[in-house]
Amino acid sequence: MPDLPWYRRAVRWGQTNITELDPARYDIDWWRRYWRRTSVQGVIINAGGIVAYYPSAFEHHHRAVHLGSRDLFGEVSTAAREEGLAVLARMDSNRTYEPFFRAHPDWFARQRDGSPYRAGPFFITCIHSPYYETYLPRVLEEIIERYGPDGFADNSWSGLHRDQICYCDHCARGFRTEAQLDLPSAVDWDDQSYRAWVRWSYQRRLEIWDLNNQTTRAAGGADCLWIGMNSGDILGQSRSFRDYKAICERSELVLLDNQTRREATGFQANGDIGKMIHGLLGWQKLVPESMAMYQSPSPTFRVASRPEPEARMWMVEGFAGTIQPWWHHIGAYHEDRRQYRTAVPLLRWHAQNEAYLLNRQPLATVGIVWSQENLDFYGREAPEERVMVPYWGVAQALIRARIPYLPLHADHIDRDADGLSVIVLPNVGALSDAQCTALRRFVEAGGGLIASGESGLYDETGAARRDFALAELLGVHARGAHRGARAASGASWESYAHHSYLRLSPELRAEVEGPQTGQEPPIDAPRHPVLDGFEETDLLPFGGRLEQVEPAPGTTVPLTFVPSFPIYPPETAWMRDVENREPALVLRDPLTQGGRVGYLAASLDHAFGKHNLPDHGDLLANLIRWAADGRIPLSVVGRGLLDCHLYQQDNRLVLHLVNLSHPGTWRAPLHDLIPVGPFEIAAQLPAAVRGRAARCLVSDQSVAVTVAEGWVRFEVDSIADHEVVVID
């Protein structure tokens with residue numbers, strides 16, 4: 001370990017986010033003891049940007065109000081070095097106080113009327129100006145020359161968001177030179193200049209990333225890295241023009257600024273983003289995540305303690321996604337001192353079990369495709385509804401079914417599909433020709449494919465195709481129409497007629513207990529296995545969007561669409577169009593070779609992500625199991641909602657089981673933990689793993705195992721927050 005660079009050996013981190021008052025009250029000795037108690041190996045210390053915590057030589061580099069003659073950054077850095085810790089100098093550098101603006105007005109972002117963009121008392125700098133090009137690199141050089149930090153973090157490094165167009169002279173000249181176009185007049189995805197501006201803005205953020213790293217490495221050596229913090233929200237990354245794929249291609253680690261959950265996606269979002277980033281960055285590199293010890297969000301209280309169960313569950317779900325812990329406090333002094341106890345047992349447990357939590361490879365066999373191009377150029381004005389809700393519908397269905405999965409970038413299908421049994425396209429509208437070719441190769445080699453909605457109906461620029469790019473593979477052709485319309489404002493994707501249904505075929509009610517008319521359809525064939533579990537119903541609720549398609553000969557259509565009919569008053573709620581047989585699900589079994597393929601014309605992924613109806617989740621899970629054709633390496637039987645992550649580490653398996661069965665899982669903050677169990681577990685053994693013994697790292701006990709036909713079986717009695725089972 002000592003021979004490794006700091007970005008490979010510093011696994012646990014701490015950050016006291018210093019306020020301007022803290023120079024008058026920073027108890028360095030106490031924080032040194034806290035660093036030891038939490039077993040951290042690196043700290044992030046505020047240095048400069050909006051506020052300087054050292055005596056900077058730059059005239060307008062605003063010093064903290066209570067800094068006085070102190071060099072707080074220098075003092076805390078020295079203490080951290082004496083403790084043997086890595087040190088990152090934290091910058092927050094996209095805005096300034098007014099005196100800086102008065103001194104350099106041409107460095108600041110401008111609205112269309114020429115007025116500066118502001119955030120409260122601050123003036124926002126332009127990412128195309130000398131502020132980023134020359135001033136900030138000089139500040140980095142000053143800090144390196146005086147203090148020699150291992151590297152730099154930067155919280156707000158990427159400038160204005162996508163809904164804020166800068167019209168300063170630097171932007172006008174630069175965009176005209178690059179694109180031969182004038183700056184767009186407004187956010188308008190149908191405007192060529194706006195789409196070009198989006199691509200130009202992404203490229204500028206990468207240029208800044210490269211410039212800052214060139215600066216820090218030239219001044220501080222090859223391992224002195226500049227690492228802009230990045231979000232755990234892909235929508236946030238896109239709105240900030242941060243290309244995760246390109247950033248990870250440039251990075252030795254990712255500092256993940258992802259402090260809390262959203263109720264729609266739950267704690268499991270942290271495991272998902274860990275897998276997504278490692279899929280881009282590599283599984284051998286580190287992804288420390290800022291984990292707030294203060295209450296956030298809804299509402300946010302910066303100096304009040306976050307409830308311990310809420311902080312704990314977010315952290316352990318991160319462990320399951322191979323994220324590393326980084327406690328984060330706002331301010332160096334707190335009257336609510338409950339927040340100091342949360343991180344101690346978790347980080348100590350992490351330190352004791354570090355060997356099992358790093359340097360491992362996932363064994364999931366289901367991949368969910370995503371890309372920021374799809375989010376931007378297909379999602380356009382409604383990326384949440386068009387892209388993220390379908391993605392999370394599939395992910396949540398897999399979590400409910402305890403089927404391990406991986407986020408799969410659309411550009412990495414050829415690279416990362418080895419070992420996958422199924423690839424899912426959850427309304428991935430924008431696909432390039434190259435990505436489609438990779439998907440065909442995957443299916444031809446025996447892989448299963450599930451696609452939904454408008455997947456492949458647009459190219460990577462958002463230009464519409466006449467038919468699905470994968471029409472022959474999916475066994476359907478687009479008819480250029482759909483049931484259910486987008487809202488006239490374009491702000492929502494869900495102004496559907498809500499009272500629609502899906503009909504299961506063949507219909508079984510003639511042999512199911514209930515009233516009979518004598519007109520029930522005869523049962524002429526068994527149902528397809530994707531409909532397992534629905535033997536007592538011929539209808540499922542739907543209420544979503546249906547793409548109108550023409551199935552190819554030889555395909556199977558086990559689900560059809562039942563159009564909307566009145567919902568109120570109750571006397572009118574009876575089905576009118578009983579003969580409609582528009583396909584809602586089309587299945588294609590390979591005739592000779594290749595994998596199984598399913599196409600969902602009905603937006604069940606979006607419907608489940610939005611409404612959480614169990615019928616939708618069960619059907620999605622059935623569909624993925626069918627496409628996998630038995631190639632799912634894990635079975636977990638027992639009551640409760642678990643998120644399951646399975647890894648191989650040399651000649652052992654590491655299985656994370658995260659308990660999501662808590663009353664506050666869907667409404668933050670979580671108040672308490674409710675244990676679940678027992679669970680009967682079976683895991684398929686890779687050739688290198690013998691499966692002779694299993695140990696539970698959280699409950700600290702061994703469990704009995706049996707091995708038969710390449711599978712290891714064992715039981716876990718109870719799980720409160722999480723359990724990690726190591727199988728040797």
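So here's what we get for this one:
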{"quantity": "Ranking by accessible area, most exposed first, for 477, 606 with a 1.4 Å probe", "calculated": "477, 606"}
{"quantity": "Amide hydrogen neighbours beyond the local backbone of residue 154, cut-off 5 Å, H modeled", "calculated": "91, 227, 228, 229"}
{"quantity": "Beta bridges by DSSP in the chain, antiparallel share as percent, to the nearest 5", "calculated": "55 percent"}
{"quantity": "Interchain or long-range residues, amide H under 5 Å from residue 122's placed H", "calculated": "none"}
{"quantity": "Set of lysines with alpha-carbon distance to residue 275 below 19 Å, sequence-local pairs under 8 removed", "calculated": "245, 285"}
{"quantity": "Theoretical ellipticity at 222 nm over the chain - DSSP helices of four or more residues, -39500 (n - 2.57) apiece, nearest 500", "calculated": "-7500 deg cm²/dmol"}
{"quantity": "Mean Cβ neighbour count within 10 Å, used as a protection proxy, ranking 150-163, 241-254 highest first", "calculated": "150-163, 241-254"}
{"quantity": "Theoretical gain in end-to-end length, residue 217 to residue 138 [0.36 nm per residue, Cα-Cα removed]", "calculated": "27.1 nm"}
{"quantity": "Reference-scaled alpha-carbon Rg (2.2 N^0.38 Å with N residues) for the stretch 603-653", "calculated": "1.44"}
{"quantity": "Residues of the chain: accessible area per residue with a 1.4 Å probe, Å²", "calculated": "39 Å²"}
{"quantity": "Loop-located chymotrypsin sites (Phe, Trp or Tyr not before Pro) in the stretch 525-618 whose Cβ has at most 15 other Cβ within 10 Å (DSSP)", "calculated": "574"}
{"quantity": "In order through the stretch 263-270: 3J(HN,Hα) via Karplus (6.51 cos²θ - 1.76 cosθ + 1.60), integer Hz, x for Gly, Pro", "calculated": "5, 5, 10, x, 4, 4, 4, 6"}
{"quantity": "Using distinct alpha-carbon pairs, which all enter the 1/r mean, Kirkwood radius of the chain in Å", "calculated": "27.6 Å"}
{"quantity": "Most to least packed among 105-118, 257-270, 166-179 [average Cβ atoms within 10 Å]", "calculated": "257-270, 166-179, 105-118"}
{"quantity": "Gap separating the Cα centres of the stretch 662-698 and the stretch 576-649, nearest whole Å", "calculated": "23 Å"}
{"quantity": "Kirkwood Rh and Cα Rg combined as Rg/Rh, the stretch 69-123", "calculated": "1.22"}
{"quantity": "The chain, accessible surface, carbon-and-sulfur percent (1.4 angstrom probe)", "calculated": "48 percent"}
{"quantity": "Reciprocal of mean inverse Cα separation for the stretch 518-628 (Kirkwood radius, Å)", "calculated": "15.6 Å"}
{"quantity": "Loop-located GluC sites (Glu not before Pro) in the stretch 334-442 whose Cβ has at most 14 other Cβ within 10 Å (DSSP)", "calculated": "335"}
{"quantity": "Whole-Å distance, taken between Cα centres, linking the stretch 236-293 and the stretch 206-228", "calculated": "20 Å"}
{"quantity": "Probe 1.4 Å - accessible area at residue 512, Å² to nearest ten", "calculated": "40 Å²"}
{"quantity": "Pair-distance profile P(r), taking every C-alpha pair of the stretch 260-313, with 5 angstrom steps and integer %", "calculated": "4, 17, 24, 22, 16, 10, 6, 1"}
{"quantity": "Karplus-derived 3J(HN,Hα), 6.51/-1.76/1.60, for each residue of the stretch 141-146, Hz, glycine and proline x", "calculated": "4, 4, 5, 5, 4, 7"}
{"quantity": "In order through the stretch 543-557: 3J(HN,Hα) via Karplus (6.51 cos²θ - 1.76 cosθ + 1.60), integer Hz, x for Gly, Pro", "calculated": "x, x, 9, 10, 7, 8, 9, 10, x, 7, x, x, 8, 10, 10"}
{"quantity": "Hydrodynamic radius (Kirkwood) for the stretch 31-175, which is based on Cα pairs only, to one decimal in Å", "calculated": "16.4 Å"}
{"quantity": "Degrees separating the helix 72-82 axis from the principal Cα axis of the chain, which is the longest one", "calculated": "80 degrees"}
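The values are calculated or read from the model by the stated rules, or taken from the named source; none is laboratory data. As the structure is a computational prediction, the values presented were derived from the model and not from experiment. Methodologically, a virtual Cβ is constructed for each residue, glycine included, from the backbone with ideal geometry; neighbour enumeration extends over all protein chains shown. Ligands, DNA and RNA are excluded from the accessible area calculation, which covers all protein heavy atoms including side chains. Shrake-Rupley method; radii C 1.70, N 1.55, O 1.52, S 1.80 Å.
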